[in-house]
Amino acid sequence: MPKTELKRVKTKTLDSQFEQKLQTDYELPPKVTKAIVADANEIYRLEHHDPSKSAAKNKIVRTVTAKKAKHGPKLEKLPKVQVTLTQEITKEDKNLYREEGKPGLRQTKILRMTNEALEQDGLLTQEDLADILEVSTRTIRRDITALKDKDFDVPTRGAYQDIGPGKSHKTKIIELYLEYNTYSEIKRKTKHSTHAVRRYLKEFGRVLLSLKNNLTLKETAHIVGISDKLAREYSELYLKYNTAENQERIADIVKRSRRKASAKAEAKKGVQN
């Protein structure tokens, strides 16, 4: 990676995040903030702290530019957030590698990590991806172009700022399911694992149950543990597909969600007794 790109990656650290907060929230000059951060590191012995070591298996922790950050200011002055990403090769990744080789596996990781970061209010840059995947930014650009040619939205910082939030990948996956695509077809079209697809459908089912119980979108978002925006997308998706043609799929999702909710309630009742 060229020195300029490497420098940009290095500015997105916990130290720089702390410095930026001190400068923004307390209006302290850069020299003072650097001194405060240096003292904090020395007092708390944080110089060897690695957040990734506290992450779950197959996960890494990165400091990235916040989704809300605007274009224009210097990178070191932009607000940043910490995100947890799935980097390591999973069992399903190994199967994908056998089917599509290194480029296919890398592109799947790019899609997965950029969407994971976005869900945590952060945005990865092409330089971040190149650093994580240990390839050149040219390779990342080529992969992103290949994904776009297949109609995938890749929410990197530059792309997200240009195209806006749009429809979430979760909504697109559920839409494919409601249109009677199989799990294998959804996996192939979206580069998401079967496990991820099932997890999103479970989330969607909980939203449907909440709406059927006449809860507001805000209440639904809070109970399910998703953003207000995603709750609204799910609600609009339900209104669109709650038709005779798609009723079987909707009913199946609701039935499974009710069954799981009942099982959880029974288990809780058993513990209390």
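For the range 130-226, what D do you get in µm² per second when you plug the Kirkwood radius from alpha-carbon pairs into Stokes-Einstein at 20 °C and 1.002 mPa s? Show your work: numbers first, answer last.
Details: Rh = 15.6 Å.
The calculation lands on 137 µm²/s.
Using the alpha-carbon centroid of each, what span in Å lies between the range 172-247 and the range 123-137? Taking the Cα centre of each part, the range 172-247 and the range 123-137 sit 31 Å apart. Of the GluC sites (Glu not before Pro) found in the range 100-173, the ones in coil according to DSSP and having at most 15 other Cβ atoms within 10 Å of their Cβ are E134.
Just grab the label-to-label distance for N213 and A261, each label 7 Å out from Cα along the Cβ direction, in nm (one decimal). Output for this residue pair reads 0.5 nm. Over 27 Å apart at the Cα level, from the set K59/K191; K68/K218; K172/K260; K59/K218, are K59/K218.
Any read-out appearing in this document is the output of simple, stated calculations on the displayed coordinates, not a laboratory observation. Given the structure is predicted, the values throughout are model-derived calculations rather than measurements. Don't worry about glycine lacking a Cβ; one is built from the backbone with ideal geometry, like all the others, and counts go over all protein chains shown.
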